Structure formats: structure tokens, C-alpha cells
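Scroll down for the structure; my scribbles are underneath it.
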Amino acid sequence: MLSNTLEKKQQLLEQSLVTQEQHYGADHFEVAITLESLGNAYGNLGRKTVSSGYVENLATIFGFPDFFS
């Protein structure tokens, strides 16, 4: 049951990310918040590699592109 809820959250966040990137641009603060939420959602689903990709994008938006290097 919890896994279904997390997967639904992930799907809704993915849809939101597309809309936000179209509206605000890929480097906007609102997009960064959604990237953080997606990173957390994927992490909670056990998909750490995907999660870290979202967190790296988040770091780039905030001006720390080499934070995870």
C-alpha cells in the first residue's frame, strides 16, 4: 500500500516538473523544490541512483554544480 502511494507521488511530481519547467524554466526555484521532492520520492522507493540525479540537478540550480563530485 505504501509503495503504491509513493509511486503515485512520484508520478504526480514528474508531471508537475514538466509543467513547472515549461512555465518557469529549468533553473527556477520552484523547479528546484520539485526536484528535491522527486529525489526524496525516488529515494523512498529505493531508487538511489535516480534520486541522486535529481539532487544533483537541484545543486546545479542553486549554484553548486560540483557539490557531489
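The values are calculated or read from the model by the stated rules, or taken from the named source; none is laboratory data. If you're wondering where the values come from, they're calculated on a predicted model, not measured in any experiment. Here the Cβ positions follow ideal geometry from the backbone for every residue, glycine too, while neighbour counts run over all protein chains shown. Just so you know, the surface numbers come from the protein's heavy atoms only, side chains and all, with ligands and any DNA or RNA stripped out. Shrake-Rupley method; radii C 1.70, N 1.55, O 1.52, S 1.80 Å.
Axis of helix 29-44 versus longest Cα principal axis of the chain: the two differ by about 40°, to the nearest ten degrees.
The chymotrypsin sites (Phe, Trp or Tyr not before Pro) found in segment 27-69 that occupy coil by DSSP, while having at most 15 further C-beta atoms within 10 Å, are F62, F67, F68. Here the chain exposes an accessible surface that is 53 percent carbon and sulfur, computed with a 1.4 Å probe and the other protein chains kept in place. Computed from backbone phi with θ = phi - 60° and the Karplus coefficients 6.51, -1.76 and 1.60, the 3J(HN,Hα) list for segment 7-21 is 5, 5, 4, 4, 5, 5, 5, 4, 5, 4, 4, 4, 4, 5, 4 Hz; x is used for glycine and proline.
Return the label of the correct value of semi-axes √(5λ) of the Cα gyration tensor in Å, as calculated from the structure shown, out of (i) 17, 15, 11; (ii) 21, 16, 6; (iii) 30, 15, 10. Calculated semi-axes √(5λ) of the Cα gyration tensor in Å: the matching label is (ii).
Across segment 45-57, computed HN-Hα scalar couplings (Karplus, 6.51 cos²θ - 1.76 cosθ + 1.60, θ = phi - 60°) run 8, x, 9, 5, 5, 5, 4, 5, x, 5, 5, 5, 4 Hz from first to last residue, x flagging Gly and Pro. Each helix, a run of at least 4 DSSP H residues, gives -39500 (n - 2.57); summed and divided by the residues of the chain, these come to -26000 deg cm²/dmol at 222 nm.
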